Amino acid sequence: MLDDLLAHPGVIEEAEVRGPVGLLAFHGGSLERGTDVVARLAAERAGATYYAIRQPDDLRWHVPSTRIDPAHSPTLAAVLDHIDVAVAVHGYGRDGHWTTLLLGGSNRDLAAHLRAHLAPALPDYTVVDRIDDIPRELRGLHADNPVNRPRRGGVQLELPPRVRGMGPFWDGDGPLAPGRLRPHTEALVAALAAALATW
């Protein structure tokens, strides 16, 4: 499925290889809006490696993480071979979780480290790193999930719309100047970058 998505007109696969920590956004562009922006900016600030798949505005094709196979992407394979640990940035929306960030994935020490940085930076949100408190389908523990393929595994960071700068919470604020982020998104990016730079 991944090779079909990457061959679709308008889909962009991009990578910037830097340090041994990787920020990944498999569902960027129109699908899980803002995830590629958060991953790219945090990676730049932390000196981390960045990988994303960005879909055009007229496409919303969800390939499950467990079907994102590096065998179908030399770029992704090279990124996963380069990094030691990953954070995959995802978007989700669910009743009762509109202000909840979830930290799944196989590297539980990194999840706790991220929570220690994200929670104080985002006081309007709940940051959950206890795996039993994360809905099973959002835990990101499957061995085929690319976030778990680096040598030291990784963390699946699930972000609700508001912290990505979307939704009715921000509707009254009007458009932003180019390159500007909503306040909560800027706080998220800064805290994520700080956490990864000190990992």
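For residues that are surrounded by 21 or more Cβ atoms within 10 Å (Cβ to Cβ), among the hydrophobic types (A, V, I, L, M, F, W, C) and touching a helix residue (DSSP H, G or I) at 6+ places or on another chain (Cβ under 8 Å), scanning just segment 9-40, find the one that is farthest from residue 166 (Cα to Cα).
Filtering segment 9-40 for residues that are surrounded by 21 or more Cβ atoms within 10 Å (Cβ to Cβ), among the hydrophobic types (A, V, I, L, M, F, W, C) and touching a helix residue (DSSP H, G or I) at 6+ places or on another chain (Cβ under 8 Å), the one farthest from residue 166 (Cα to Cα) comes out as 21.
So is residue 198 loosely packed, with under 15 Cβ neighbours inside 10 Å and β-branched (Val, Ile, Thr) or not? Let's see the steps before the verdict.
Details: loosely packed, with under 15 Cβ neighbours inside 10 Å: yes; β-branched (Val, Ile, Thr): yes.
Taking the combined requirement at face value, the residue satisfies it.
Just for segment 88-98: of the residues that are surrounded by fewer than 21 Cβ atoms within 10 Å (Cβ to Cβ) and under 16 Å from the mean Cα position of the chain (by Cα), which one is modelled with the highest pLDDT?
Filtering segment 88-98 for residues that are surrounded by fewer than 21 Cβ atoms within 10 Å (Cβ to Cβ) and under 16 Å from the mean Cα position of the chain (by Cα), the one modelled with the highest pLDDT comes out as 92.
Pick out the one residue from 142, 90 that is touching a helix residue (DSSP H, G or I) at 6+ places or on another chain (Cβ under 9 Å) and either of a type in the set (Asp, Glu) or not in a loop (DSSP other than H, G, I, E, B) (or both).
Matching residue, one of 142, 90: 90.
Got a number for residues in segment 145-162 being out of contact with any helix residue (DSSP H, G or I) (no Cβ under 9 Å at 6 or more places or on another chain) and surrounded by 21 or more Cβ atoms within 10 Å (Cβ to Cβ)? Give the derivation first.
So the first thing to find is which residues in segment 145-162 are out of contact with any helix residue (DSSP H, G or I) (no Cβ under 9 Å at 6 or more places or on another chain), and the list is 148, 151, 160.
Restricting the remaining residues to those that are surrounded by 21 or more Cβ atoms within 10 Å (Cβ to Cβ) gives 148.
Going through segment 145-162 one residue at a time, the tally reaches 1.
Does residue 96 qualify as being free of Cβ contacts under 8 Å to residues at least 12 places away in the same chain and either more than 20 Å from residue 167 (Cα to Cα) or assigned to a loop (DSSP other than H, G, I, E, B) (or both)?
Spelling it out, residue 96 is indeed free of Cβ contacts under 8 Å to residues at least 12 places away in the same chain and either more than 20 Å from residue 167 (Cα to Cα) or assigned to a loop (DSSP other than H, G, I, E, B) (or both).
If I go through segment 1-20 residue by residue, how many of them are over 25 Å from residue 198 (Cα atoms), small (Gly, Ala, Ser) and part of a loop (DSSP other than H, G, I, E, B)?
Within segment 1-20, residues that are over 25 Å from residue 198 (Cα atoms), small (Gly, Ala, Ser) and part of a loop (DSSP other than H, G, I, E, B) number 1.
How many residues are without any contact (Cβ under 8 Å) to a residue 40 or more places away in the chain, part of a loop (DSSP other than H, G, I, E, B) and either among the acidic types (Asp, Glu) or surrounded by 15 or more Cβ atoms within 10 Å (Cβ to Cβ) (or both) if we restrict to segment 47-87?
Within segment 47-87, residues that are without any contact (Cβ under 8 Å) to a residue 40 or more places away in the chain, part of a loop (DSSP other than H, G, I, E, B) and either among the acidic types (Asp, Glu) or surrounded by 15 or more Cβ atoms within 10 Å (Cβ to Cβ) (or both) number 1.
Residues in segment 119-139 that are part of a helix (DSSP H, G or I) and either among the hydroxyl-bearing types (Ser, Thr, Tyr) or on the phi > 0 side of the Ramachandran plot (or both): how many?
Residues that pass the stated criteria total 0.
Take the conditions farther than 30 Å from residue 71 by Cβ and touching a residue at least 12 places away in the same chain (Cβ under 8 Å) and apply them to residue 128. Does it pass? So that I can check it myself, show each step before the final result.
On the way: farther than 30 Å from residue 71 by Cβ: yes; touching a residue at least 12 places away in the same chain (Cβ under 8 Å): yes.
For residue 128, the condition - farther than 30 Å from residue 71 by Cβ and touching a residue at least 12 places away in the same chain (Cβ under 8 Å) - is met.
What are the residue pairs meeting all of these: first residue in segment 158-179, first residue part of a loop (DSSP other than H, G, I, E, B), second residue among the β-branched types (Val, Ile, Thr), Cβ atoms under 6 Å, and 6 or more apart or on different chains?
From residues that are part of a loop (DSSP other than H, G, I, E, B), the pairs are 165/185.
Take residue 112 and tell me if it is exposed (fewer than 15 other Cβ atoms within 10 Å of the Cβ), part of a helix (DSSP H, G or I) and modelled with pLDDT of 95 or more.
Yes, satisfied.
The values are calculated or read from the model by the stated rules, or taken from the named source; none is laboratory data. Keep in mind that what you see is a predicted model, and the values were worked out from it rather than measured. We place every Cβ from the backbone using ideal geometry, glycine too, and count neighbours over all the protein chains shown.
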